[in-house]
Amino acid sequence: MRPAKSFAEPAAKPTVGWPAAALVAPGVLVRETPAGQPPAAPRLVPAFAPFLYFEPAHQALQQHGQPTLAFFLEDPAAGRTMAQLYVVPDSGGPGRARSPAQATFGGVQLAAGVTARDLHPLLDAAESTLRARGQRTLKIGGYPFFYDSPGAAALAEALRQRGYRVRLAELNYYLDLARDFEPHLHPSARRRLTRARQAGFVLEQEPPLLLPLAYEFIAACRAERGQLPPSLSLARVQELFAKFPRQHVLLSVREPGTGHWAALTVAIVAGGGVLHNFYPATPLKFNTSSPAILLTAGLHQLGRYLGLRRLDLGSSTLPDNGGPNAPLLRFKRHLGSTAGLKLSWEKELCV
């Protein structure tokens with residue numbers, strides 16, 4: 001990482017024809033794209049591998065009907081983008097900007113070695129640009145710390161220094177894929193895994209053409225458990241599989257005899273060496289045999305095969321009051337998972 005003063009060096013002028021591109025501060029580039037168009041990509045190669053949810057092609061699928069603002073912290077001497085932030089004005093309502101507008105997480109992704117101090121010019125540009133567009137608040141849903149612990153810590157410190165308040169602090173559980181799965185299971189979970197295998201439950205990777213049936217299965221399981229419907233439409237899920245086929249896997253456990261689904265999930269290679277267990281579902285009638293544990297074993301095996309570091313099991317927060325979902329927390333702990341921190345921030349911009 002170059003010293004912070006390198007960001008003060010004059011950056012090259014933006015290429016003619018870029019939509020709404022402006023250098024609002026030395027080393028910070030802002031680009032705005034209209035609603036319905038893919039968000040801007042950085043003009044300098046990032047000095048980090050962007051998370052899937054931060055890829056412009058992925059953000060282009062988010063259905064919010066608003067323009068997207070992209071902020072890039074550049075190091076012109078190195079020819080690299082050192083940090084990036086995407087924000088959607090009015091996506092939380094009139095005058096309420098959010099990052100992300102519609103994704104698992106947003107916030108600032110930054111290169112190794114970038115400090116909290118380095119981030120202030122980028123955040124200055126974001127806040128001043130949003131004020132000029134009549135935005136009264138900015139909400140940032142950060143990524144779990146285990147995706148990039150130094151980066152998440154630097155961002156948290158920068159936001160704290162700027163007066164952001166923590167709107168929600170969640171425990172986001174994960175499995176370390178460097179550890180074997182079964183030895184770290186709780187004894188009761190290990191017994192259930194053994195029973196599921198002995199009963200003949202089978203892991204399967206399903207083809208995307210079964211997504212309509214899978215979506216129906218997931219929605220039915222969530223309704224049975226009193227959970228909210230899937231946050232994405234079937235059409236959006238199908239589009240994600242079509243646009244990012246290597247990053248999305250439909251994994252299931254089938255019941256012996258009938259071949260019916262006993263558990264199912266969408267697995268997403270989210271970046272940062274993380275496999276995300278997205279939309280896991282199993283009917284209540286299988287609580288005793290717990291094919292969900294066999295499904296998690298399959299995800300652990302898949303993550304290792306892909307050379308990843310972590311299996312993201314998601315948070316266990318109740319949607320109505322933000323409190324902990326005790327049964328889900330207990331299940332994840334019995335899987336041998338580790339609790340990681342995930343923070344959501346908010347600031348009044350005082351237009």
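Throughout, read-outs are computed from the coordinates displayed, never taken from laboratory work. Everything numeric here is computed off the predicted structure, so don't read it as measured data. Ideal geometry is used to build each Cβ from the backbone, glycine not excepted, and the neighbour counts take in all protein chains shown.
Before moving on, here are some points about what is shown:
- Contact order, relative form, for the chain: 19 percent (alpha carbon pairs under 8 Å, 6 or more residues apart, mean separation divided by residue count).
- Under Stokes-Einstein, with the Kirkwood radius over Cα pairs as Rh, the value for segment 174-341 at 4 °C and 1.567 mPa s is 80 µm²/s.
- For segment 4-162, taking Cα atoms only, Rg and Dmax work out to 14.3, 40 Å respectively.
- Straight-line cross-link reach from K243 at under 16 Å between alpha-carbon atoms covers these aspartates and glutamates, not counting any fewer than eight positions away in the same chain: E55.
- Note, ³J(HN,Hα) from phi for segment 261-272, Karplus 6.51, -1.76, 1.60, rounded to Hz, x at Gly and Pro: 5, 10, 7, 7, 8, 9, 9, 10, 7, 8, x, x
- Among V249, V166, a tally of other beta-carbon atoms within 10 Å of each Cβ gives an order, fewest to most, of V166, V249.
- Other-chain or far-sequence residues with amide H under 5 Å of L168's (modelled H): S344
- Convex hull volume per residue for segment 122-211, taking Cα atoms only, in Å³: 210
- On Cα atoms only, tilt of 187-199 relative to the major axis of the chain in degrees: 60
- Degrees separating the helix 211-224 axis from the principal Cα axis of the chain, which is the longest one: 80
- Diffusion coefficient of segment 87-143 by Stokes-Einstein, Kirkwood radius over Cα pairs, 20 °C, 1.002 mPa s: 180 µm²/s.
- Tail weight of P(r) past 25 Å, computed on alpha-carbon pairs of the chain, percent: 55
- Top positive-direction residue, dipole computed over segment 174-341 with Cβ charges, set Q247, G259, T194: T194
- Nearest-20 debye value, the chain charge dipole, Cβ charges on Lys, Arg, Asp, Glu: 560
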